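Below: the structure, in structure tokens.
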Amino acid sequence: MTREGFGDLARLVEFDRVHRSVYVDPAIFEREMETIFDHAWIYVGHESQVKRPGDYCTVLVARQPMIMVRHSDGRVHVLYNRCAHRGAMLCGNLRGNTGEAFSCSYHSWRYHTDGSLESIPLPKGYEGTRLSPKSPERNLKRAARVGSYRGFVFASLAADGPSLPEFLGEARIAFDDMCDRAPEGEVEVVPTCFRFVQHSNWKIFMENQLDALHPAVTHESSGRAAADVEHDIARRGGTAPLDYHYLSAFTTPLPKWDQVQTVNYPNGHSVLQGYMGLRPRDPDTLAYEAVLRKHYGAKRTEEILGVNIHHVLLYPGLSVQPALQQLRAVRPLAVDRTLTEIWHFRLKGAPEAIYRRALGYYNLINSPSTIVNADDLENFWRCHQGLASDGGAWVSFHRRAGQDDEQDGVVGSRWGTSEAPMRNQFRAWTQYMSGE
Amino acid sequence: MAKTAKKKAAQPQRAAGRKASTPARAVVANGTYDAQREVEQFLYRQAELLDDKRWGDFIDLFAADGCYWMPASPDQTTADGTPAIFYEDRNLMNVRMKRIMHPHAWSQSPMWGTSHLVSNVTIEAVDPRTGGLAVRSRFHMMEFRRDVVRHFAGVYRHQLDKTSDGFRIKLQRVDVVNGEGPYDYVLLAWV
């Protein structure tokens, strides 16, 4: 695959099937980085990761090492992590507080936390040179555009394109649903990040997130094991914590998954309806609902708790579980290597017990000891290995193809196991890659 | 429970030293109870059970209310309400065991083995009343799975109950030196 125009690429993506090369061809991966990730709004982090002036964290945006930092005026900036002098990376840590300035470890060029140059040692050395004190090239480069929605910070490396609200569209419900569930209307990040490097193409992960056909198959062993122990605990007269239900829900028989609908929006975003029944009637939940009613009133509280979403996928690189207060950010590293970062959040003003629920999910499903994602990662690896082979040219997305409901660019699945979300992602892929 | 462990570790009961006054199970030539030797044998046995994949026997080393805890970061002082890589009581350990042994645990199909070495065993505190011990040791685990080798190493802190049937683990805290790095694959079983 060479890099001339989109013509050759158009033949690789059909309505209901996709050529394997889009997963394994390094040249196509390069083009994806340039046309998708360098243009789309990419999740950087949450504002609460950088609470005080000088707080920073480092992050990959598209494939650029960048710094998210809180400036003295309270604004959050996203800067390239590169000294303007000789190119050294400025911050070598994942997070920290830099005080009033970043100082380069090589020759001590210093920058304000908005990226502007503070000082250069022995500045006379530049007198009479082409690097004048006013040269913008003395400053740190900033992300072309930075936006925040309810505390979630995004950056786009392209100066032009849709605004953040336009990009998010209806999928902003990922953040509305999570934040609205907080009595104070805001969430706060828990400063632990679990990181995985998947040995597979980034799209394989994205296609898995709303795949309602896979849980009963991939996660059968986890579901059965948890259901067994849940049963044991009940037999001994106890009650298993809600955590067990996150797992035993995977024993839901295959035909039932067709009832879990997906809604598929422009730009490749999708929503998967909830199925875990996260509104139990235990005392903790009832106490929480009472707090919500105090803040929002009964009617609004019912609206908030009535939103029933398991997953929101924000293409190309974010998967959010609002009611479980978790998100996974996808950072492609190479055609066959994908970094995922997993974060979880506290609902401000909610009782501690509600945080414990999110923590249980984070520890059990999203931690490095996960007994759920163990089998997902295994499948992602297997997919990539199979697609790298000559055993077949195409990936099938035929399930319920042509049978979904489409209205004003929004596709409802009608059957939960419809491969509508994958087809929707490739619709966005084609738009990005062709520059439409 | 984790809080208790921290407290005990912070204030070792110095008087006890290496020798406990409780009745001996392990007896050395001079006839005195050798807690050091007994606890080393216990830790070696635990490591062997993991490497032999004898999951049920591994779980049985824990007290009825025992827990296995691998904090998300070494500065954590309690497992209660904080993110953890593992925080499992015997019920959750049973979930893990049953999953690993399920015929459809797809991730279990490739060849997978581990080798644990345990060393630098130090008894940090002895409860003279119960014979319970706080023990610190170093471990190194090498894993081989589908032609890939990984290493995990760090510190074990065992809070051990003394019973008529040997030690039982009240709390095992595991701090992995490389625990905060990115993972190429998950931790399938206890480290």
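Among the residues of segment A:291-311, how many are surrounded by 13 or more Cβ atoms within 10 Å (Cβ to Cβ) and free of Cβ contacts under 8 Å to residues at least 60 places away in the same chain? Give the derivation first.
Taking segment A:291-311 and keeping what is surrounded by 13 or more Cβ atoms within 10 Å (Cβ to Cβ), we get A:291-293, A:295-296, A:300-302, A:304-305, A:307-311.
Filter once more, so that each one left must be free of Cβ contacts under 8 Å to residues at least 60 places away in the same chain: A:293, A:300-302, A:308, A:310.
Result for segment A:291-311: 6.
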Review point. Out of all the residues in segment A:349-359, is one or more in a helix (DSSP H, G or I), under 21 Å from residue A:241 (Cβ atoms) and of a type in the set (Ser, Thr, Tyr)?
Key: yes
Practice item. Any residue in segment A:158-177 that's farther than 23 Å from residue A:64 by Cβ: show its pairings with residues that are hydrophobic (A, V, I, L, M, F, W, C) at Cβ separation under 6 Å, as long as the two are six or more apart or on different chains. Key: A:171/A:312; A:171/A:314; A:174/A:312; A:174/A:320; A:175/A:152; A:177/A:307; A:177/A:309
Exercise for review: Return the residue satisfying two criteria in turn: it lies in segment B:55-94 and is more than 19 Å from residue A:355 (Cα to Cα) and without any contact (Cβ under 8 Å) to a residue 24 or more places away in the chain, and of such residues it is nearest to the other protein chains (Cβ to nearest Cβ).
Suggested key: B:91
Revision key, fill the gap. Checked segment A:319-363 for anything closer than 23 Å to residue A:291 by Cα and under 13 Å from the mean Cα position of the chain (by Cα); matches are A:321, A:322, A:325, A:326, A:344
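Looking only at segment A:63-88, count every residue that is at pLDDT 95 or above and assigned to a loop (DSSP other than H, G, I, E, B) and tell me the total. Outline the logic, then answer.
Here is the first cut: in segment A:63-88, the ones at pLDDT 95 or above are A:64-88.
Narrowing further to those that are assigned to a loop (DSSP other than H, G, I, E, B): A:71-75, A:81-88.
Residues that pass the stated criteria total 13.
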Point to revise | Residue among A:278, A:305, A:347, A:272 that is closer than 20 Å to residue A:174 by Cβ, touching a Lys or Arg at 6+ places or on another chain (Cβ under 7 Å), of a type outside the set (Val, Ile, Thr) and modelled with pLDDT under 95 | key: A:305
Exercise for review: Any chance you could count how many residues in segment A:205-222 are away from every other protein chain (no Cβ under 14 Å) and either over 20 Å from residue A:369 (Cα atoms) or charged (D, E, K, R) (or both)?
Suggested key: 6
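Restrict the check to segment A:223-234 and report whether at least one residue is in contact (Cβ under 8 Å) with a residue 60 or more places away in the chain and either of a type outside the set (Asp, Glu) or more than 9 Å from chain B (Cβ to nearest Cβ) (or both). First the steps, then the outcome.
Initially, segment A:223-234 is screened for residues in contact (Cβ under 8 Å) with a residue 60 or more places away in the chain, giving A:225.
From the residues that got through so far, the ones that are either of a type outside the set (Asp, Glu) or more than 9 Å from chain B (Cβ to nearest Cβ) (or both) too are A:225.
So far as segment A:223-234 goes, yes, one or more of its residues are in contact (Cβ under 8 Å) with a residue 60 or more places away in the chain and either of a type outside the set (Asp, Glu) or more than 9 Å from chain B (Cβ to nearest Cβ) (or both).
Quick check: is even one residue across segment A:251-268 under 15 Å from the mean Cα position of the chain (by Cα) and assigned to a strand (DSSP E or B)? Before the answer, list the steps.
So in segment A:251-268, the residues under 15 Å from the mean Cα position of the chain (by Cα) come out as A:267-268.
Of the ones still in play, those that are also assigned to a strand (DSSP E or B) are none.
So far as segment A:251-268 goes, no, none of its residues is under 15 Å from the mean Cα position of the chain (by Cα) and assigned to a strand (DSSP E or B).
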Point to revise | Breaking point among (1) buried (at least 20 other Cβ atoms within 10 Å of the Cβ); (2) within 11 Å of chain B (Cβ to nearest Cβ), for residue A:241 | key: (1)
Review point. Can you find even one residue in segment B:159-171 that is surrounded by 18 or more Cβ atoms within 10 Å (Cβ to Cβ), touching a strand residue (DSSP E or B) at 6+ places or on another chain (Cβ under 9 Å), within 14 Å of another protein chain (Cβ to nearest Cβ) and modelled with pLDDT of 95 or more?
Key: no
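Residues of segment A:360-371 being at the interface with chain B (Cβ under 9 Å from one of its Cβ atoms) and either of a type in the set (Phe, Trp, Tyr) or outside any helix (DSSP H, G or I) (or both), which ones?
Filtering segment A:360-371 down to residues at the interface with chain B (Cβ under 9 Å from one of its Cβ atoms) leaves A:362-364, A:367-371.
The answer is A:362, A:367, A:368, A:369, A:370, A:371.
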Exercise for review: Among what's in segment B:172-191 and is within 13 Å of another protein chain (Cβ to nearest Cβ), part of a loop (DSSP other than H, G, I, E, B) and of a type in the set (A, V, I, L, M), pick the residue that is farthest from residue B:109 (Cα to Cα).
Suggested key: B:191
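So which of B:57, B:51 ends up being touching a helix residue (DSSP H, G or I) at 6+ places or on another chain (Cβ under 7 Å) and at pLDDT 95 or above? Before you say what the answer is, go through the steps one by one.
On the way: B:51 fails: touching a helix residue (DSSP H, G or I) at 6+ places or on another chain (Cβ under 7 Å).
Going through B:57, B:51 in turn, just one is touching a helix residue (DSSP H, G or I) at 6+ places or on another chain (Cβ under 7 Å) and at pLDDT 95 or above: B:57.
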Review point. With respect to residue A:128, is the statement that it is farther than 23 Å from residue A:62 by Cα, away from chain B (no Cβ under 14 Å) and at pLDDT below 95 true?
Key: yes
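For segment A:46-68, name all the residues that are charged (D, E, K, R) and within 19 Å of residue A:339 (Cα to Cα). Give the steps one after another, and end with the answer.
Restricting attention to segment A:46-68, the residues satisfying the condition of being charged (D, E, K, R) are A:47, A:51-52, A:55, A:63.
Answer for segment A:46-68, where residues must be charged (D, E, K, R) and within 19 Å of residue A:339 (Cα to Cα): just A:63.
Do we have any residue at all in segment B:102-118 that's touching a residue at least 60 places away in the same chain (Cβ under 8 Å) and outside any strand (DSSP E or B)?
Step one: filter segment B:102-118 for residues touching a residue at least 60 places away in the same chain (Cβ under 8 Å), giving B:107-108, B:112-118.
Filter again for outside any strand (DSSP E or B), leaving B:107-108.
Scanning segment B:102-118, I find at least one residue that is touching a residue at least 60 places away in the same chain (Cβ under 8 Å) and outside any strand (DSSP E or B), so the answer is yes.
Would you confirm whether any residue within segment A:89-110 is of a type outside the set (A, V, I, L, M), part of a strand (DSSP E or B) and in contact with a His (Cβ under 7 Å, 6 or more places away or on another chain)?
Of segment A:89-110, the ones of a type outside the set (A, V, I, L, M) are A:91-93, A:95-100, A:102-110.
The next check asks that each one be part of a strand (DSSP E or B); those that pass are A:95-97, A:102-103, A:110.
Narrowing the set further to residues that are in contact with a His (Cβ under 7 Å, 6 or more places away or on another chain) leaves none.
Within segment A:89-110, none of the residues are of a type outside the set (A, V, I, L, M), part of a strand (DSSP E or B) and in contact with a His (Cβ under 7 Å, 6 or more places away or on another chain).
Quick one: which residue in B:183, B:156 is over 15 Å from the mean Cα position of the chain (by Cα) and of a type in the set (Ser, Thr, Tyr)?
Details: B:156 fails: over 15 Å from the mean Cα position of the chain (by Cα).
Of B:183, B:156, the one residue that is over 15 Å from the mean Cα position of the chain (by Cα) and of a type in the set (Ser, Thr, Tyr) is B:183.
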Study note, to complete from the structure: Within segment A:183-204, the residues that are part of a loop (DSSP other than H, G, I, E, B) and more than 14 Å from chain B (Cβ to nearest Cβ) are A:183, A:184, A:185, A:186, A:201
Review point. Does segment A:40-54 contain any residue that is part of a loop (DSSP other than H, G, I, E, B) and among the basic types (Lys, Arg)?
Key: yes
Exercise for review: Would you check if there is a residue in segment A:116-139 being in a strand (DSSP E or B) and in contact (Cβ under 8 Å) with a residue 40 or more places away in the chain?
Suggested key: no
Practice item. Considering only residues that are over 23 Å from residue A:360 (Cβ atoms) and small (Gly, Ala, Ser), look in segment B:95-120 and name the one that is nearest to the other protein chains (Cβ to nearest Cβ). Key: B:109
**Study point:** The one condition in (1) in contact (Cβ under 8 Å) with a residue 40 or more places away in the chain; (2) in contact with a strand residue (DSSP E or B) (Cβ under 7 Å, 6 or more places away or on another chain) that residue A:335 fails to fulfil
**Key:** (2)
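The values are calculated or read from the model by the stated rules, or taken from the named source; none is laboratory data. Since the model is a prediction, treat every value here as computed from it, not as a measurement. Note that we place each Cβ from the backbone using ideal geometry, even for glycine, and neighbour counts take in every protein chain shown.
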